[in-house]
Every structure is written in C-alpha cells, then in structure tokens.
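Accompanying notes for the structure given below.
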Amino acid sequence: MLKILIKKQMGEIFRQYFYNPKKNQARSKMSTILWFVFFVVIMVGVLGGMFTGLAISMVSMIDIGMAWFYFIMLSTVAIFLGAFGSIFNTFSMLYLGKDNDLLLSLPIRERDIIVSRLVSVYLLGLMYSATVAIPAIAVYLVHGGFDFVALLGGILWLFVISIIVLVISCLLGYVVAKASTKLKHKNIATVIIALIGFALYYVVCFKITDIIQTIVTNCLLYGEDIKEKAYAVYLFGAMATGDFLGMVIYVVASLILIYMTYVVLSRTFIKIATSTGVTVRVEYKAKAVKQKSAFGALLGKEFARFLGSANYMLNCGLGIILIPVAGIMLLVKGDVVRELIEQLASGQSDLVAVIVIAILCYMASMNDMVAPSVALEGKSLWIVRSLPVLTIQVLRAKIWMHFLLTEIPVLFTSICACIALEMEPLEYAFVIIEPTIIVILFSLFGMFVGLQKKPNLNWTNESYPLKQSMAVMLALFIGWGYATVVVVLYLFVAQPIGILAYLGIITVVNLILIGLLEYWLYHKAVRLFEEL
Amino acid sequence: MLQIEHLTKCYGEKKAVDDLSLHIHEGEIYGFIGHNGAGKTTTLKSVVGIQQFDEGEILINGHSVLKEPLVCKKELAYIPDNPDLYEHMSGIKYLNFIGDVFGVEPEVRQERIHKYADMFEITKDLAQPISAYSHGMKQKLAIISAWIHEPKLIIMDEPFVGLDPKAAHLLKGMMRDICDRGGAIFFSTHVLEVAEKLCDKVAIIKGGQLIKSGTMDEVKGDDSLEEVFLELEDEEVQDVKDFN
C-alpha cells in the first residue's frame, strides 16, 4: 500500500514529466528522461552553479587541512536553503491533501499515509539541499583528490543534511499546523510569520559574504575552538571527509531522528488533518454594493484569489514586499547602496543604469502570480467558462492582477533609484520606463508558460500548481536569466555602442517580444484556455 | 428556447454523444435521464458552452452557442453536478461577483439575494468563506447564483444532490416559477420519481444516443418512468445477450 501511495504522490508532483496533457497520453520514456534532464540542468545549472562558486571561494580551507570546517560552513547553507525551500509547503503537503477524507476512509494504515507524505517533503528538502551539498562534495573531491571513503562520507553527509532539513521542516510544519487550528486570521498570520523569516533570510544573505570572509580568514582559530568546545559539530564536518566515527554517529542519530519525527507525526496526524480549525463566525449584514464591470469583477476575483491564500502570496508574490523595501533602502541608505552599485560597476558610471534595471528585473521576476493562475482555477474552471465573458477578458484579468501587483512596487523603486543615484537625464527615463516594459513582458510571459504547458486542473493540493509547477519555475528562472543577460550583454558585447543606444535596443527588443506574446494571447492562448 | 441539432462529441475514439437532437420550448421543464456515462453531462456542458463539440449545432433563442457564445451565456445559467465554487470567497462576494458579471443592478441584486438566501436559510452564512460551507450549502449558493440574473434558460446537472428535503421542495417551486414566466429548464437527474412528477417532457439517453423523448405521457404511457427506463436498459442487456 505504501508503494501505491508514494507512487500517487510522485505521480502528482512529477505529473508533467510522465504525462503529456496536450496529447492526453503518457509521455514516451525518452521524453520523460529528457524532461528530467531539463529539470536537473535548471537546478544544477542555476542554483548548483551558484553554490559551486561559493564552494570554490572556500577551497583555501581545504588546503590548510580544515576541510571539515569547509563542510560545516556549507552544511549551514544547505540546511538553511533546504529548510527554507520546503518549510512553507510542509504544512499543506503533510496535512492539507484534498484526498485526506478519501484516504482516511479507505482501509489504509495511517502510517502509510504519513510516510508517503513525508517522502514528498523529504524529496523537496533534498532537492534544495543537494544543490549546495553536491557541488561542495564535487569541489572537495576535485580539489583535494578523489578518495572513495571521502565520497562515501560526502554521500552520508548529504543524507544527514536531508534528514535534518526534513526534521526542521516537519517541526515548523507542525507548529504552523497547530497555530492554524487556533489562529483566526490564518492567511495574514502565516504571511507575517513568513515575512519575518524572509527578513532574517535576507539579512543573512546580505551579510553572508562578510561572514564567510571572516570565518575563512580566521578558520584556524575558530576551528580549534569548535573542536575543543563542540566536538560533535567537528564530527559533523569530519564525516564528509570520510571520518568513520562521524559517519557512524550521525547516520545512527539521523535514523533516530526520522523515527522520532514519525512518532510525533503519527500521534497527531489525524487530529490535525481532520481539524477544521477556528472559523470566525461573521454574521452577514447587508451593505450597499457598487456595480462593477465584468472585467472589474474578474480582476477582483483574481485579487481575492491571491489574497485568500498564504501559500500563493508567499510562493509567488514576495516581490510585492521586497521591491519597495529595496526602494526604501535606496532612500534611507542611499550612500551605502550607491557605493555597492558603483563597486559592481567598477567605476564605470554608465553601468549604474544597467545594474539598476537588471536588479529591478531580477526582483520583478520574484512575482510569479500569473504563471499558476490558470492552474489554480482547478475544478472551479466551469464558472468563468459558463459566464458571459470573453476568454480574453479572463486571461487579461489574470495578467492585470500580476501587472498591478508588480508594477506599483517597481515604479516606486525606480523613482527611489532616480532620487538616490546619479545618472544622465535620459538614463533616468530608461530607469523608469524599462522596468515597466519588463513587468509587462513578464506578465505576458507568465501567462505563456502557465498556459502553453497545459495546466493541471486536477490537483489535490494547492502546493502542486504553486510550488511544483514547471510554469512557476520557468517564470522565475527565465526572469532571473533575463536580468543577467541584460548586464552581461552590455558588459561583453554592447558597451562600445554606449549605454543609451543599448537601452534603446533593449527597449525595442522587449516591445517586439511583448508584441509577439500579445499575438499569442489573442490567437493561441484563448484557444488553449477554451480547450481545457 | 433551446435547440440541439445533431450534437456529436467524441473523446478519442469513443462517441460520448452521438447525433443527439432535442428541442426545448418556453415554459417547459425538460428532464434528461440516463445511466452513468450515458452522455448527459457532456450534452449539458456543450449547451452551456464550456465543452467544445465535434459536430452539430446548439441554438439558444436562435443564437448559436458556437458563433455567439456571449449572447447565449447571458440568457442562461448553469449549475454543475458538483458545486466547486471559489472557496476563497465568502458567499456574498461570490454572489456579487456573479451579479457584476451579469450586470445585475445592485438594488435588484440585493433584493434577489435576500429573497433566495432567506428561502434557503443561508442569509446569516453569506459572510462566511465558501470553504466553510457544507456540500448542501454550496449547492444552495450555486442555485442562488444561477437565479440572480433571472435567466431564461437554466441548465442543471443533478441539482437535487446534497439538498435537504425542504430545499429540494423549494427548488422545484423555483423551477416551476421560472417556466411559468416563460423560461425553460433542462436538467439531468437520476431521481426518476422527481423527473416524473416535475417534468413536462423527458429525454432518455443511452450510450450517447437519444433513445426516447417527448411529453411524460408519450414516454411512459401507463407505466412509471422507472419501469420504462429499466425496460429500455434491459433491452440493451438483452441485445448483448442475443449477440453473444
């Protein structure tokens, strides 16, 4: 039974890899393999590449015999990333399956339901942790010379990290679950708690270079202290270098941790999974209503959908908070930011505008609410399909929701950048106009990736279209990639033509892309939506 | 009011609806019965314009569902077999959303909402999120939203499922009332007693094909609708046995 449940869970998570919704049939083995390869390339290429760079920057620790400390440092990053990547979905993945009632009514052991869901949480955490851990192991083996015992130690180290991530995720998921049965305004509370978490995350990220630099410089000193006062921590890092004692202790400890997690979950699972929580009893009182247009009603519906789900807000709308925070930072700490940007621009004043636009582009792509918006219609799709509205209006409402929620913060931060940074008059114009054009482009592109890969409307958990959908991942990573291209292209190819000409060309290219996506929207997207 | 002409819909090789023609006139409550998978829901969804079909034509008050979908959709309301509504909205927000889309004036809308919500005894719950509603409450909300713009044609897929006896009784009255005012109802049901008592006309579909239709008397004669339906089903079973 457990095998069947795991297969079902995996089938939902990786549905797109095995099933071709366009042809309504299973993919060929080759096609499935290619999809997985593509996924691996994205994860390894983007995140893995970033962490390979981080590992390489720390190889001096290996050279001076402090490889165990090198692994401790990277463990922290891997655990942080793994837990952070899966924490917001653990609650819904463990407890909020729409098939809870069905599964609990069937002659299935509760244990099997819990384990199958734990496997999903584990794999998600492992995926994030591995993007740090695998490059760390590879860099260590390449730099320090290949050693089979060290390879085994590295694999066990990754295993232990993934278990720690699982335990942290489950623990926090459990806290969220308990809180959600008591809190009255769950969505808002979840978002506030998450934002505090994000704030901490970004403070750490902002300071990570300094922290790493300080630790690397003083690693001998800190290392001695750790060895002396926290031998268990030393063993954790030593395990990855092939230390036998470390391997045994941590593998055994991990197995005990898994068992304890299972025991806690199994004792509380049914109570939490079947709890409806506290519902604020608000009695209806008639109020005057304002007539909205059909499009206004559709747009209102999209906003209500976004604000009605903490999961949606956290997974797809972080930019709404982070972009204006960046703008305020520019105003308050303008000198520091200016210095930072000038450092990045290496004294080339023409680069400032490109960097500002690229940063805004990067942050704008953190808003991906349009990408899963069609899939999120789920089984309620019949409503908009049966109403007297044009399909293009339905799609436009989703695009506008994304555009408004992204453009307002982007415009604010663009203006802040113009106030805080010194640029040429025309560069100011580009810093205002170009990010707006990019937001329009990303709004349309989000719809493109969300609809072109026929969305799954039969999800049993909202996390699947939000977190595990290819559409959201593509919207995010391609947005980031685009931001990088904007800078790299100027630095290595277009600098001779000058900043204004370059930004002019970028604008024209973006407008052409918008034109193409608009054409697609009117001619193909409407048909695709009507065929769902 | 509603003309379905030679409707054919295939899912791959399988014909879900095969050359089905039906005419529903003003003032008629038209029942649509058939076993599971007979093609009832596919037909209803095609009429509403949420399901594309392969052949045939559907006209609502002379307007083609294919060519003038918006004109047709303004004339009708649809209640699906499972009331999957927007769970993140409150009941009142959902009703206002529907009212806005259909352009129902706020005063008129409020009057209708109160009228029907009071009838179904869910007025106090309208501020609650739909996710907190029971199946029956969602069904009642779906019914109110269908009636909010007073459509001329109402398409319903198993509308009585999940309703308590009082609500089912109210719904029957509302259906008759719409027809008395010149509207029409086309609905599917498995509850043959309800169909027999409520419908002016009935159509029986089997394997995607219309096998019998007409006024209740024409279809059932002196027998009960259940007897006629089961007899028609048995014929199929007998045909299979003879073939074997």
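Tabulated values for the structure
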quantity: Any hit, region B:134-142, residues being within 14 Å of chain A (Cβ to nearest Cβ) and surrounded by fewer than 19 Cβ atoms within 10 Å (Cβ to Cβ); calculated: yes
quantity: Number of the condition not met by A:V248 [criteria: (1) more than 10 Å from every other protein chain (Cβ to nearest Cβ); (2) at pLDDT 85 or above; (3) in a loop (DSSP other than H, G, I, E, B)]; calculated: (3)
quantity: From the options A:V394, A:V370, residue that is more than 23 Å from A:P324 (Cα to Cα) and out of contact with any Cys (no Cβ under 6 Å at 6 or more places or on another chain); calculated: A:V394
quantity: Where B:Y94 falls short, out of the listed (1) at the interface with chain A (Cβ under 8 Å from one of its Cβ atoms); (2) in contact (Cβ under 8 Å) with a residue 40 or more places away in the chain; calculated: (1)
quantity: When residues of region A:175-226 are limited to those that are assigned to a helix (DSSP H, G or I) and among the basic types (K, R), the one modelled with the highest pLDDT; calculated: A:K207
quantity: Test result for B:I113, surrounded by 15 or more Cβ atoms within 10 Å (Cβ to Cβ), modelled with pLDDT of 90 or more, out of contact with any strand residue (DSSP E or B) (no Cβ under 9 Å at 6 or more places or on another chain) and of a type in the set (V, I, T); calculated: yes
quantity: Lone qualifier among A:G479, A:G515, A:G504 - being at pLDDT below 90 and either part of a helix (DSSP H, G or I) or surrounded by 18 or more Cβ atoms within 10 Å (Cβ to Cβ) (or both); calculated: A:G479
quantity: Given (1) surrounded by fewer than 21 Cβ atoms within 10 Å (Cβ to Cβ); (2) at the interface with another protein chain (Cβ under 8 Å from one of its Cβ atoms); (3) of a type in the set (V, I, T), number of the condition B:V101 does not satisfy; calculated: (1)
quantity: Positions within region A:301-310 being facing chain B (nearest Cβ under 7 Å) and part of a helix (DSSP H, G or I), in sequence order; calculated: A:K301, A:A304, A:R305
quantity: Residues (over 16 Å from the mean Cα position of the chain (by Cα), assigned to a loop (DSSP other than H, G, I, E, B) and of a type in the set (S, T, N, Q)) located in region B:19-67; calculated: B:Q52, B:N61
quantity: Residues that are in contact with a helix residue (DSSP H, G or I) (Cβ under 7 Å, 6 or more places away or on another chain), modelled with pLDDT under 85 and of a type in the set (S, T, N, Q), drawn from region A:275-309; calculated: A:S275, A:T279, A:S309
quantity: Condition check for B:F186: surrounded by 22 or more Cβ atoms within 10 Å (Cβ to Cβ) and among the aromatic types (F, W, Y); calculated: yes
quantity: Options A:F442, A:F448; residue that is under 19 Å from A:N510 (Cα atoms), modelled with pLDDT of 90 or more and touching a strand residue (DSSP E or B) at 6+ places or on another chain (Cβ under 9 Å); calculated: A:F442
quantity: The one condition in (1) over 30 Å from A:R27 (Cβ atoms); (2) among the charged types (D, E, K, R); (3) not in a helix (DSSP H, G or I) that A:K454 fails to fulfil; calculated: (1)
quantity: Any hit, region A:380-392, residues being polar (S, T, N, Q), within 14 Å of chain B (Cβ to nearest Cβ) and without any contact (Cβ under 8 Å) to a residue 12 or more places away in the chain; calculated: yes
quantity: Meets criteria (of a type outside the set (S, T, Y) and crowded, with 23+ Cβ neighbours inside 10 Å) for B:V194; calculated: no
quantity: Residue that is crowded, with 21+ Cβ neighbours inside 10 Å and in a helix (DSSP H, G or I), where the choices are B:D125, B:D177; calculated: B:D125
quantity: Selection status of B:I143, part of a helix (DSSP H, G or I) and touching a residue at least 12 places away in the same chain (Cβ under 8 Å); calculated: yes
quantity: Single unsatisfied condition, A:S373 versus (1) part of a helix (DSSP H, G or I); (2) within 14 Å of chain B (Cβ to nearest Cβ); (3) of a type in the set (S, T, Y); calculated: (1)
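The values are calculated or read from the model by the stated rules, or taken from the named source; none is laboratory data. Everything quoted here is computed from the prediction, not taken from an experiment. With ideal geometry, Cβ positions are generated from the backbone for all residues, glycine too; neighbour counts draw on all protein chains shown.
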